[in-house]
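What follows draws every value from the coordinates through simple rules; no lab data is involved. All values derive from a computational prediction rather than experimental measurement. FYI the Cβ positions are ideal-geometry reconstructions off the backbone, even for glycines, and counts take in every protein chain you see.
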Amino acid sequence: MSYYKTVDGKKMDGNLLDMAEEAIAGAGDGRISKQDAETMIAAVKDSGEYTDVEKDTMEYIRDNFKWTEGADEWFRSEVARWASMK
């Protein structure tokens, strides 16, 4: 299985897409929770860089998956905080 997946003609991070799918398929309400978002940010930070592929993937996930309000706000602020430290 490839690390990357192509969605709408763009290369995406397959791991992040799988995490999002698993998050909404669980026993919860079909939305990405703050706990799910924490798992995803750890995967984004694993290389020490927020790559263009990861940015495109997270934009796709934010636009195409339901998030709890708290999870979406937390994820966006965490990425901004992390980026400002670089």
What pairs can you find where one residue is in segment 68-86 and on the phi < 0 side of the Ramachandran plot and in contact (Cβ under 8 Å) with a residue 12 or more places away in the chain, the other is assigned to a helix (DSSP H, G or I) and of a type in the set (Gly, Ala, Ser), and their Cβ atoms are less than 8 Å apart, with a gap of 6+ or different chains? ALA71/ALA37; ASP72/ALA37; TRP74/ALA37; PHE75/ALA37; GLU78/ALA37
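So which of ASP29, ASP8, ASP52 ends up being in contact with a Phe, Trp or Tyr (Cβ under 8 Å, 6 or more places away or on another chain) and loosely packed, with under 13 Cβ neighbours inside 10 Å?
ASP8
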